[in-house]
Amino acid sequence: MIKEKTFEATSALLTELLATQPRYRGRWRARVQRDRSGGRVSIAAVAQVLAEHLWDSGEFPESEQSLARNLKDRVRRALDGTMITAETLTWLIDAFRVDERDAVCLRATHESDSGNRPDGISDAVQEPREMIRRQWHRTVTVFERYFLDSEGQLTERRTKHVIMALEDGVDSYLFNHESSVAAIEVLHGGTLGPEHHYDGLVSHEIAFPQPLKQGQRTSFEYRTAYRPAPQPPQEVRRPARGRIENFDIAVHFEPRRLPSRLWWATWSDHHLGDPVQLEPAEVCEAGSAHRYVPFVERSVVGFRWNW
């Protein structure tokens with residue numbers, strides 16, 4: 001039985017590939033008739049690509065000229081994260097001639113979304129650092145994307161966050177980050193607040209427009225820019241002090257500077273020490289490494305690589 005849930009991680013990865021990779025973007029862009037998308041992936045154009053593939057493969061007769069129109073709802077659900085079946089994903093992979101490594105990433109993410117979920121990660125941090133504030137929220141979803149340039153330098157981090165208040169009066173989120181951060185821009189859902197330094201950590205508050213009541217949710221998005229480091233970094237870490245549900249992370253490498261080896265890693269501290277667990281990972285054809293985890297709790301996770 002299909003679960004009544006959103007397929008957020010699969011949709012995010014699929015949309016990202018269709019929007020940013022020229023070999024896939026070009027296929028649907030060539031079928032855009034009236035561009036009213038504002039830069040977003042066109043549902044109608046993707047449905048047209050899909051219909052042409054299904055006609056060519058013989059799965060539907062060419063006499064069924066309304067096929068593209070009939071497929072629009074299916075494509076919309078796939079791209080907005082409402083529902084994407086294994087059949088729809090296979091059709092899209094074949095229709096867009098998705099590279100094998102990208103297809104492996106998509107299918108693995110879909111398996112997680114469909115209920116064949118990998119285990120969560122918990123309790124890697126044995127000695128928690130003192131924080132400036134107790135945690136008064138629960139993280140419902142995090143989508144995090146890191147970007148590196150052709151020199152191997154970390155340039156940008158984009159985060160979409162959904163939290164739920166555990167008590168009345170939750171008016172901000174405490175964003176702990178690396179000391180190499182040059183600037184933070186809150187794109188929506190809040191404003192940048194004071195900076196704090198404590199116990200070797202740096203953090204900024206992201207203040208919400210209105211305090212949350214217990215059980216209320218809010219979403220916000222922020223962009224982090226980085227200063228160049230003396231040496232190109234070889235890891236990115238995301239700490240989970242409490243519990244993060246639905247954690248989706250990707251690292252985008254410049255195709256001219258790909259890592260020679262890559263691992264999915266777990267650490268016991270925000271920025272000190274070596275990983276306590278390593279698992280070999282792969283870079284997709286698009287130059288990205290991606291991982292979805294159903295939950296992370298009292299642990300630090302991310303990717304580590306060799307140049």
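The values are calculated or read from the model by the stated rules, or taken from the named source; none is laboratory data. The structure presented is a predicted model; accordingly, all values stated were derived computationally and were not measured. Neighbour counts are summed over all protein chains in view; Cβ atoms, including those assigned to glycine, are modelled from backbone coordinates with ideal geometry.
Residues in the range 235-249 that are among the acidic types (Asp, Glu) and either modelled with pLDDT of 85 or more or buried (at least 21 other Cβ atoms within 10 Å of the Cβ) (or both): 235, 248.
Considering 258, 212, 272, 278, the condition of being more than 30 Å from residue 15 (Cβ to Cβ) and over 19 Å from the mean Cα position of the chain (by Cα) is satisfied by 272 alone.
Let's see how each residue does on (1) modelled with pLDDT under 80; (2) within 24 Å of residue 285 (Cα to Cα); (3) of a type in the set (Ser, Thr, Tyr); (4) surrounded by fewer than 23 Cβ atoms within 10 Å (Cβ to Cβ):
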| site | (1), (2), (3), (4) |
| --- | --- |
| 7 | yes, yes, no, no |
| 10 | no, yes, yes, no |
| 17 | no, yes, no, no |
| 21 | no, yes, no, yes |
| 24 | no, yes, yes, no |
| 30 | no, yes, no, yes |
| 34 | yes, no, no, yes |
| 42 | no, yes, yes, yes |
| 55 | no, no, no, yes |
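Within the bounds of the range 77-99, is there any residue that is under 21 Å from residue 288 (Cα atoms), in contact (Cβ under 8 Å) with a residue 24 or more places away in the chain and of a type in the set (Phe, Trp, Tyr)? Yes, some residue in the range 77-99 is under 21 Å from residue 288 (Cα atoms), in contact (Cβ under 8 Å) with a residue 24 or more places away in the chain and of a type in the set (Phe, Trp, Tyr). The one condition from (1) farther than 30 Å from residue 14 by Cβ; (2) among the polar types (S, T, N, Q); (3) surrounded by 13 or more Cβ atoms within 10 Å (Cβ to Cβ); (4) at pLDDT below 90 that residue 172 does not meet is (4). None of 160, 213 is assigned by TED's automatic domain parsing to the domain that holds residue 300, among the basic types (Lys, Arg), modelled with pLDDT of 90 or more and farther than 14 Å from residue 135 by Cα except 213.
Tell me whether the range 32-54 contains one or more residues that are without any contact (Cβ under 8 Å) to a residue 12 or more places away in the chain, part of a helix (DSSP H, G or I) and more than 23 Å from the chain's Cα centre (by Cα). No, that holds for no residue.
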